[in-house]
Amino acid sequence: MAEVAGVVELDKTQVKTAVQCLLAYLKTTSPNEATLLNEGQRISLLLTFWKIPKREQTIRIPLPHSIRTDWGEVCLFTRNEPNMTSDQNVRFYKTLLKEKGIKGVSEVIPFKVLVTEYKSFESKRKLLRNFDLFLTDNRIRRKLPPIIGKHFFESKKVPLSVNLLSQQLAKTMEQLIQGSTFRVSKKGSCCMVHVAHSLMTADQVVENIMAAVKTITSQLPQKGKDVKIIHLKSQTSAALPVYTSDLSHLSLLEEARQAASLKKGADKSKKMGKAVKRKDTAATQQESLGEEEEIPQLVPIELPNKKARLQVAQDMGPEKVTGKMREGSETPEEEPHRKGLKLTTPSKTRAATGTKKLVKSAKKCSKTPEKSLRRRVPQSC
């Protein structure tokens with residue numbers, strides 16, 4: 001396998017040999033299996049990647065020879081046109097396809113009919129078995145998944161979207177009907193694509209395989225370097241290898257991965273450096289502001305309470321206290337009186353207010369009954 005301008009190309013001789021062996025095997029199958037449907041078996045390519053893909057991808061592959069058999073039918077889902085019934089809708093789109101020269105579509109189903117007549121699982125499975133390919137108008141593409149159900153996704157018959165208003169509708173529909181679709185999944189390292197069927201000649205199968213591999217490898221992220229092995233197989237045969245990559249591609253992938261990680265680390269360090277630089281500038285600005293203006297700190301002043309003063313008096317003793325008083329020193333309680341201030345304690349204040357209240361209440365209360373009786377009793381002669 002050679003590599004030209006980033007796109008890999010298969011060895012045509014090796015591919016033709018594998019195709020001839022596969023077709024010979026399909027022709028020599030047992031009579032019980034040689035039915036009409038088995039004679040038209042699918043021929044597929046199995047691609048194995050070095051690593052599991054990181055993202056999902058869908059690649060549409062135009063093929064030089066159609067992979068649809070004569071009995072393969074195509075169904076088209078259309079939107080509901082305004083002011084039209086279901087029958088009028090079907091006739092309208094069939095006329096449109098006929099005018100564009102499109103002959104591959106065998107049935108047209110409007111969205112309203114799909115919702116009303118295909119509710120049950122049995123009807124959906126029957127619809128899935130009756131058609132080989134499904135197409136849908138891109139205007140209703142997002143509405144289909146909850147309507148058609150999971151069976152379409154499991155059987156890999158998801159409807160392909162098409163723009164029915166395009167000027168190149170005939171070319172697009174021909175590519176979709178004759179071509180194939182390659183879906184890259186990130187659930188595993190192997191993916192399969194349908195490229196031919198057993199009723200085709202060996203040369204037609206080879207041409208389809210070459211075109212499919214060229215299109216796939218040109219649209220992959222690593223341009224085919226991430227492909228490890230390519231096998232050719234049918235539904236019942238063994239897988240025949242047509243390409244095996246060497247270890248140089250793996251080393252190239254490792255180098256690309258290391259370069260991507262280094263670039264990511266450099267970007268991360270650059271962002272961290274910018275963040276550190278911002279922090280340093282903010283710190284320098286705060287320091288400059290602090291040097292220009294210092295904010296004074298308020299410290300509360302602690303005053304000695306009554307217990308502390310009594311404790312000091314007890315430690316000094318009565319003699320020292322009287323001696324100091326004789327010498328003219330002032331006690332902490334007398335110092336405010338000397339300065340013209342009145343020293344009051346919370347306990348004294350509470351006592352004073354209490355006495356005032358008692359006096360007021362005593363004045364308001366009435367006289368006792370004994371005093372009133374004494375006054376009313378007349379004096380004796």
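Below are the figures for this structure:
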quantity: Some residue of the stretch 219-241 being at pLDDT below 90 and in a helix (DSSP H, G or I); calculated: yes
quantity: Top-ranked residue in the stretch 162-176 [being more than 35 Å from the chain's Cα centre (by Cα) and not in a helix (DSSP H, G or I); ranked as nearest to I102 (Cα to Cα)]; calculated: Q168
quantity: Qualifying residues in the stretch 184-199 (those that are under 17 Å from I67 (Cα atoms) and touching a strand residue (DSSP E or B) at 6+ places or on another chain (Cβ under 8 Å)) - the one surrounded by the most Cβ atoms within 10 Å (Cβ to Cβ); calculated: A196
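The values are calculated or read from the model by the stated rules, or taken from the named source; none is laboratory data. Just so it is clear, the model here is predicted, and its values are computed rather than measured. So basically every Cβ, Gly included, is an ideal-geometry build from the backbone, and we count neighbours across all protein chains shown.
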